[in-house]
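Have a look at the structure below before the remarks.
Coordinate-derived values only; no laboratory data. Nothing here was measured: the structure is a model prediction, and the numbers come from that model. No Cβ is skipped: glycine too gets one built from the backbone with ideal geometry, and neighbour counts run over all protein chains shown.
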Ligand SMILES: C[S@@+](CC[C@H](N)C(=O)[O-])C[C@H]1O[C@@H](n2cnc3c(N)ncnc32)[C@H](O)[C@@H]1O
């Protein structure tokens, strides 16, 4: 079983279990669609249609200037976000050297390199040293670490900024709809800790949505 099996189970393009998935298709350029198909065929973890579409809706509304992504993979969601936000800059973090190199190549091919700071490294280490203020954060790396990253993400998020965390419902394991396989128990525990942290934090307002594999949408409250 690969490191990413949980991430791409049931995530063929356009094929999601939620009833709303049939309506929620992202608008994607032809070249990005081909890149995404290629990534799926190689079992590279990539955000599903519904999640990308949700990100797209938010991005059109918010029009962030500075985006932080944790979990680049081969650069598909990063490219998608910058295709929507024509004036934005993306900082994106990836710890897998093969994915990092492939993402850098893809960003070049899409003419986006000058608008991207791609950082190779473990997100925990990188976030601890990262400076700057971001108006949009897409958290899409190893789910067990989400709760650990939260203090740094909050520090890096502007007041009024948005934090989207992907895969927080994990095929119904987190809500209790599906029995949790033994090997996923620790992962589910950590995701529940993340959900608990963002839904009780007085500086955040959060809604957990049954979109894709579950998304936690948090807003950092103004004056915090
Ligand atoms: C679900 S994939 C990201 C998919 C990408 N956002 C997209 O939709 O195109 C998760 C990525 O996070 C990376 N990752 C996992 N743990 C990490 C860590 N501790 N630091 C940095 N990257 C990490 C993995 O190597 C993987 O490429």
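Cα convex hull of region 15-87: mean projected area in nm², to one decimal?
Projected over every direction and averaged, the Cα hull of region 15-87 covers 5.2 nm².
Hey, how many Å between the Cα centroid of region 19-59 and the Cα centroid of region 168-216?
Cα centroid of region 19-59 versus Cα centroid of region 168-216: 21 Å apart.
Counting helices only, and only those DSSP H runs with n ≥ 4, report the 222 nm mean residue ellipticity of the chain as the sum of -39,500 (n - 2.57) divided by its residues, in deg cm²/dmol to the nearest 500.
The helix contribution divided over the chain gives -11500 deg cm²/dmol.
Would you calculate the separation in nanometres between label points at residue 125 and residue 182, each defined as 7 Å from the Cα along the Cα-to-beta-carbon direction?
Each label point lies 7 Å from its Cα, and together they span 3.4 nm.
What's the extension gain from residue 196 to residue 148 if we count 0.36 nm per residue and subtract their Cα-Cα distance?
Going from the current span to full extension adds 16.0 nm.
Rank 138, 120, 23 by mean-square fluctuation in a GNM of the chain with C-alpha springs under 10 angstrom and give only the top-ranked residue.
Comparing 138, 120, 23 in the GNM, the peak value goes to 23.
Give me log10 I(q)/I(0) at q = 0.16 Å⁻¹ for the chain, Debye formula, one equal scatterer per alpha-carbon, no solvent.
Taking Cα atoms of the chain as identical point scatterers yields -1.14.
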